[in-house]
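No lab work stands behind these numbers, since they all come straight from the coordinates. What you are looking at is a predicted structure, and each value in this text was computed from that prediction instead of being measured. Neighbour counts run over all protein chains shown; Cβ positions are idealised from the backbone, glycine included.
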Amino acid sequence: MSAKCFGEVAVVEERRFEVLRAIVEDYVATEEPVGSKALAERHNLGVSPATIRNDMASLEENGFITQPHTSAGRVPTDKGYRLFVDKLATVKPLSPPERRAIESFLQGSVDLDDAIGRTVRILAQITHQVAVVQYPSLVRSTLRHVELVSLTPTRVMFVLITDTGRVEQRSVEMPAQCTERLLGELRSHINVSCAGKRLSDVPLQLNELSAKFGPDDLSVVRTVVTTLLEMSAEQSDERIVLAGTSNLAKFGGEFTSNMRPVLEALEEQVVLLRLLGEAAEDVTVKIGHEHFDHGLQTTSLIASGYGRAGDPLATLGILGPTRMDYPGSIAAVRAVAAYVGAFLTDSA
C-alpha cells in the first residue's frame, strides 16, 4: 500500500474515532441512544450526515457501538469505551475551586482514620460515584515509634505507630512481672533498632533482641518480640471504606433496574480487595466485561495507588456505570490520590 493510501486510511480511522468520541460524550450526558442527525447537529465533525451514518455503520460492525432497540440510535459498547479511554489525549483538569476544596478538606484531618474517612467522602462527592479507599498497607509502612505501657504488673499495652499515622494497639498478658526498668530498656532497644525501618524489615531487627537481656528476662522479652512480629505482619490491606453507594440509584434506566449484583459485589470485601489489588500506581481503568466478577460487569472502575512516589501504600478509586464521565473521573481520582498521598507523607 502506498504512503498516500496509508494516509487516507489514517484520516478515515481518526474521523471514525471522532464520531465514537461524540457518541460517548452525548450518551454520557443524555443517557439516550445517539443518532446520526443529532451528531451532525451537535458536533462540528466536518462531514455530511451520510458520511456520519457510514462511519457509525463501520463502528457498529467492529463492535464499538451497538443499537439497543430497533429504530433507536447507537450507544457505546465496552469495547467502544475502552478505545475512547485509551485514546484520551488530555484529561479534563479539576477546577481551582475543586482543588482547593480537596486540599482544605483533607488538611482538617486529625488522624489517619479521619483522613481516610474524609478522602472517601470527597471522592464520592466530586465524582458522584461509589468511592472505595483502602487503608495504607501496614507491611509497606515505616515504623515511627513503639510504646510499651504497663497496665498491671503482668499486662502490657503495645502501641505501634507508623509513618502514615496508623496506630496499632494490643494488650498482652506477660509470662512474668514486668518492671518499669525492663520495659524502659525494651522500649529503648526496639526504637533504636527499628524506628525508621519498613514494617516488613522489623523481624530482622528483632532477631538479636534476646541476646541483649539476661536469662531472668528472656520469657518477657520473647513475648514482646512475638507480639511485635504479629502486629507488624498484620495485613491492614483488608480494611476498606466505601462512600456514595446511594449515587448508583441516581443513574436510572437499565443500570438501576439491574443494580442488585453490583450491590452484592460491593458487600464482598474479598471482591473489593482483588479489584483494588489489580490497580497500578498511576490510574487504572477497568470497563464492563474486563472485570473478573460477573456482578460488576455493568460498571467501570477508575483506581490509583497513593502514598510515596514510586512506592504506593494502598489504592483508592471509584466505581460506577460504564456510562460515566471518564476524563473528569480520571482527573478526580488522580488528584485525590496525589493529595492524600502528600498529606500522609508530609504529616509523617
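Details
- Anchor Lys87: lysines whose Cα lies under 21 Å away (excluding residues fewer than 8 positions away in-chain): Lys79, Lys286
- This model, with +1 at the C-beta of Lys and Arg and -1 at the C-beta of Asp and Glu, gives the range 3-86 a dipole about its Cα centre of some 160 debye.
- Gained length - Ala211 relative to Glu230, 0.36 nm times residue gap less alpha-carbon distance: 4.8 nm
- Around Ala176: net Lys/Arg minus Asp/Glu count, Cβ-Cβ under 9 Å: -2
- Top positive-direction residue, dipole computed over the chain with Cβ charges, set Pro203, Met174, His145: His145
- Shape metrics for the range 151-223, restricted to C-alpha atoms - Rg then Dmax, Å: 12.6, 37
- Computing log10 I(q)/I(0) by the Debye sum over Cα atoms at q = 0.08, 0.13, 0.15 Å⁻¹ for the structure here picks out one of (i) -0.44, -1.09, -1.35; (ii) -0.53, -0.99, -1.18; (iii) -0.40, -1.03, -1.31, namely (ii).
- Only helical runs count toward this figure. For the chain, summing -39,500 (n - 2.57) over DSSP H runs of n ≥ 4 and dividing by all residues gives -14500 deg cm²/dmol at 222 nm.
- Fully extended contour minus Cα-Cα distance, from Asn62 to Asn44, at 0.36 nm per residue: 4.1 nm
- When the chain is treated as a GNM with alpha-carbon contacts under 10 Å, the residue of Thr162, Thr127, Thr256 showing the greatest mean-square fluctuation is Thr256.
- Options His291, Ser48, Ala72, ranked by Cα towards positive dipole end of the chain, top entry (Cβ charges): Ser48
- Nearest-20 debye value, the range 59-156 charge dipole, Cβ charges on Lys, Arg, Asp, Glu: 100
- Leu263-Glu290 FRET efficiency (beta carbon distance; Förster radius 25 Å; 0.05 resolution): 0.80
- All Cα pairs of the range 242-298, percent lying beyond 16 Å: 48
- This model, with +1 at the C-beta of Lys and Arg and -1 at the C-beta of Asp and Glu, gives the chain a dipole about its Cα centre of some 520 debye.
- Distance (nanometres) between label positions extended 7 Å along Cα→Cβ at Leu204 and Glu180: 3.7
- Viscosity 0.890 mPa s, temperature 25 °C, Stokes-Einstein D of the range 193-274 from Kirkwood C-alpha radius, µm²/s: 145
- For the chain, built as a Gaussian network whose Cα springs stay under 10 Å, the top-fluctuating residue of Gly35, Gly214, Gly184: Gly214
- Candidates Val167, Val336, Val285: whichever shows maximal mean-square fluctuation once the chain is modelled as a Gaussian network with Cα springs under 10 Å: Val167
- Neighbourhood charge, 12 Å Cβ-Cβ cut-off, centred on Gly244 and excluding it, Lys, Arg +1 and Asp, Glu -1: +2
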